[in-house]
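> Questions regarding the structure given below will be posed in turn.
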Amino acid sequence: MKKFKGTGVAIITPFKNDSSIDFAACGRVINHVINGGVNYIVALGTTGESVTLTKDEKKAVISYVVEVIDGRVPLVVGFGGNNTQEVINCIRHANLTGVDGILSVAPYYNKPSQKGLYQHFKAIATSSPIPVILYNIPGRTCTNILPETCLQLAHDCDNIVGVKESSGDITQIMKIIKGKPENFVVISGDDIMTIPVIAAGGSGVISVLANAFPAQCSELVNQSLKSNFKSAREIQFRFLDIIELLFIEGNPSGVKAMLNIMNICQSNLRLPLVPVSRTIFTRIQKAMEEVNKL
């Protein structure tokens, strides 16, 4: 799936001071990352604070993002949850015109078995009119899609075209890469794992950092895909401190602070998330100044 190869960016959902969606700022983010050379955009994911958006807000975000992208890059939209039928209903009632794929996170809280995970994703894939990318992030869901389950879905369901792997387990990721169908993409879900995953045969990253630094993230991925790992490492090492600061007080608190410093959007979040502390904000500011000097 060439559409989902390279640098994807999990875009934020900007909010105004009254917590309403700041669509103008959303447009600035989209144009910023496209101008920076990213290959595709992911909306309504973890970084987009999708769990705090209403159904009507999600529809509005999809419509607006499609309009602003205007076909310049592919768009993936998050549709996930721990109620299989509700996820299917949301997909069926969504206007997917201009949407190229669905990113669906593993069910959380109810802790399904591997058989339950298989049946959940198979039902979603069967109901979806567009390709589905699995999203494995056990640190948030308490559920790990094991390589055997992921590969079974990849081989059994033509509409499941890839996995965003955020387990942080390179052995698990390599097992998936080893056994996957040719056109199935394995995508790093962690900025810090981009080089190892691509070196093992992965297809790229869905990045948080690329909200703020799309050109540098895109260059890192492009160099890695060309096996120019010396050049890729140089970029990665420049951003080590910033990547740590991105997540030290939660996501997307860190990246929203960065975008606030860049005058792209405000750093507002919806509860239960809150902006980073003044101490971390200052550290982020200093780290960005250091990176920009290089």
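> Determine which aspartates and glutamates satisfy two conditions relative to LYS111: a Cα distance under 20 Å, and not lying fewer than 8 residues away in the same chain.
Straight-line reach from LYS111, under 20 Å: GLU86, GLU148, GLU165, ASP169.
> To the nearest 500 deg cm²/dmol, what mean residue ellipticity at 222 nm is calculated for the chain from DSSP H runs of n ≥ 4 alone, each contributing -39,500 (n - 2.57), summed and divided by the residues? The partial results should precede the final answer.
Details: 13 runs with 137 residues, N = 294.
It lands at -14000 deg cm²/dmol.
> Counting only C-alpha contacts under 8 Å and six or more residues apart, can you give the relative contact order of segment 2-226 as a whole percent? Walk me through the numbers on the way to the answer.
Numbers: 442 pairs, mean separation 48.9, N = 225.
The value is 22 percent.
> Lysines near LYS286 by alpha-carbon distance under 21 Å, same-chain residues fewer than 8 away left out - which ones?
Straight-distance partners of LYS286: LYS256.
> For the chain, what log10 I(q)/I(0) values come out of the Debye formula at q = 0.17 1/Å, with one point per alpha carbon and no solvent?
-1.52
> As I understand it, the dipole of the chain uses +1 on the Cβ of Lys and Arg and -1 on the Cβ of Asp and Glu, about the Cα centre. Which of GLY201, ASN110, PHE213 lies farthest toward its positive end?
Going by the charge dipole, the pick is GLY201.
> Right, here's the next one. In a Gaussian network model over the chain where Cα atoms closer than 10 Å are linked, find which of ASN110, ASN222, ASN260 has the largest mean-square fluctuation.
ASN110
> So, one more: Once R0 is set to 22 Å, what does the formula 1/(1 + (r/R0)^6) return for the Cβ-Cβ distance between ALA199 and GLU148, expressed as a FRET efficiency to the nearest 0.05? Please list the in-between numbers first.
Working: r = 23 Å, r/R0 = 1.05.
Calculated value: 0.40.
> Can you tell me how much longer the chain between GLU67 and TYR109 gets when fully stretched, taken as 0.36 nm per residue apart minus their C-alpha distance, in nm with one decimal? Don't jump to the answer; show the numbers that get you there.
Numbers: separation 42, 0.36 × 42 = 15.12 nm, distance 3.45 nm.
Stretched fully, the GLU67-TYR109 segment lengthens by 11.7 nm.
> Give the residue from CYS157, LEU134, GLY101 lying farthest towards the positive end of the charge dipole for segment 100-182; charges sit on Cβ (+1 for Lys and Arg, -1 for Asp and Glu) and the dipole is referred to the Cα centre.
Of the candidates, LEU134 comes out farthest on the positive side.
> Could you let me know the centre-to-centre spacing of segment 198-243 and segment 1-19, using Cα atoms, in angstrom?
First find each Cα centre; the distance between them is then 17 Å.
> Using r as the Cβ-Cβ distance of LEU271 and ALA60, and R0 as 25 Å, what FRET efficiency do you calculate, to the nearest 0.05?
Working: r = 20 Å, r/R0 = 0.81.
The calculated FRET efficiency here is 0.80.
> Looking at the chain, what % of its DSSP beta bridges pair antiparallel, to the nearest 5? Kindly include the intermediate steps, with their values, before the conclusion.
Working: 1 of 29 bridges.
Approximately 5 percent, going by the DSSP bridge assignments.
> Another question about this same structure. Give the cross-link partners of LYS2 among the aspartates and glutamates, using a straight C-alpha distance below 15 Å as the criterion and excluding same-chain residues fewer than 8 apart.
Within the straight-line cut-off, LYS2 pairs with ASP100, GLU182.
> Along the Cα-to-C-beta direction of ASN35, a point sits 7 Å from the Cα; which residues of segment 212-226 have their amide N less than 15 Å from that point?
212-216
Any read-out appearing in this document is the output of simple, stated calculations on the displayed coordinates, not a laboratory observation. Computed from a prediction, not measured in an experiment: that's the story for all the values here. All Cβ positions, glycine included, derive from the backbone under ideal geometry; neighbour counts span all protein chains shown.
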